[in-house]
Amino acid sequence: MDTSTLKDLLVGRLMPEKCYEELFVRFNLHAPCLKFVLNKIVGIWIILDAFLAQIPQLLKILWRGSAEGLSLSSFLLQLYALSCPVVYAAANNFPFFAWAERLFTLAQTATIVFLILHYRGETLKGKLLLLGFGGVMLLLGSYAAAVVIEVMHTSNVAAFLLSKAVQIVTNYHNGHTGQLSTLSLLLSCAGSLGAAILSVQENGGSFTTLFHMLSPCLSFVLLVQVLCYTQTAGSVAKKID
């Protein structure tokens with residue numbers, strides 16, 4: 001690639017011109033510039049996770065016409081975890097663009113919850129659940145006490161961890177991962193790893209950092225389960241043939 005093209009591609013998007021000069025002209029591994037670029041890449045990972053992580057899962061459910069193996073409790077916990085920053089932002093009058101991606105992911109997760117119930121033959125229950133959830137979200141964002149908002153905001157990471165743990169246990173008891181999307185898990189793993197890196201930089205060895213570091217570990221366990229159960233199912237099918 002031509003150096004001028006590379007510069008146009010990187011400067012302003014991934015790094016300032018000073019860092020480009022240090023890294024690509026002088027070939028100097030300048031620590032502050034490396035840290036800046038790493039944080040930029042991590043931010044992109046997190047944005048991709050926020051916008052795209054649930055889409056492969058949603059499409060897989062629709063394509064297969066089944067939500068087999070997906071834990072309703074796990075996705076309800078995810079729904080709660082995603083609603084926490086949305087309620088916190090709305091209650092504190094944050095600009096919409098600052099939390100719009102969370103709302104987008106929240107809508108995807110709510111749709112997955114509905115589809116899990118729909119494919120179980122509980123469509124009415126799914127509709128009522130979403131209507132009730134939307135009403136509670138609106139009330140919390142408008143009238144909830146500050147202490148309630150703060151508790152929700154600080155508990156969302158724990159809810160994410162618990163949701164992954166619940167799905168891991170469900171997979172173990174079922175002996176398969178059903179319609180769990182490998183691509184969604186990969187995106188989730190990348191996003192949670194990025195959040196862990198940022199947490200280490202900002203909070204050091206705090207309790208919050210520990211929670212953030214556990215998240216990619218649990219995502220990795222889910223990925224291993226998908227690969228192992230898929231391989232086992234393939235081996236059994238070959239024996240039957």
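The values are calculated or read from the model by the stated rules, or taken from the named source; none is laboratory data. Predicted model only: the values in this text are computed from it and were never measured. Heads up, the Cβs are rebuilt from the backbone with ideal geometry, glycines too, and the neighbour counts pull from every protein chain shown. For the accessible areas, the whole protein counts, side chains as well, though only heavy atoms, and no ligand, DNA or RNA atoms are used. Shrake-Rupley method; radii C 1.70, N 1.55, O 1.52, S 1.80 Å.
A compact table of results
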{"item": "Whole-Hz couplings from phi, Karplus 6.51/-1.76/1.60, listed for the stretch 109-126; x for Gly and Pro", "result": "5, 4, 5, 5, 4, 4, 5, 4, 5, 4, 6, 8, x, 10, 4, 4, 4, x"}
{"item": "In Hz, Karplus ³J(HN,Hα) per residue of the stretch 94-101 (6.51, -1.76, 1.60; θ = phi - 60°; x = Gly, Pro)", "result": "5, x, 4, 5, 6, 9, 4, 5"}
{"item": "Estimated distance in nm for a label pair at THR154 and LEU128, the labels positioned 7 Å out from Cα along Cα-to-Cβ", "result": "3.5"}
{"item": "Separation in nanometres of the label points that stand 7 Å from Cα toward Cβ, at ASN174 and ASN93", "result": "4.5"}
{"item": "Nitroxide proxy distance, nm - points 7 Å out along Cα→Cβ at LEU183 and GLN201", "result": "2.9"}
{"item": "For peptides 134-145, 219-230, sequence by mean Cβ density within 10 Å, most packed first", "result": "219-230, 134-145"}
{"item": "Accessible surface, per residue, of the stretch 85-133 when the full set of protein chains is kept, probe 1.4 Å, Å²", "result": "55"}
{"item": "Note, ³J(HN,Hα) from phi for the stretch 58-66, Karplus 6.51, -1.76, 1.60, rounded to Hz, x at Gly and Pro", "result": "4, 5, 5, 4, 5, 5, 7, x, 7"}
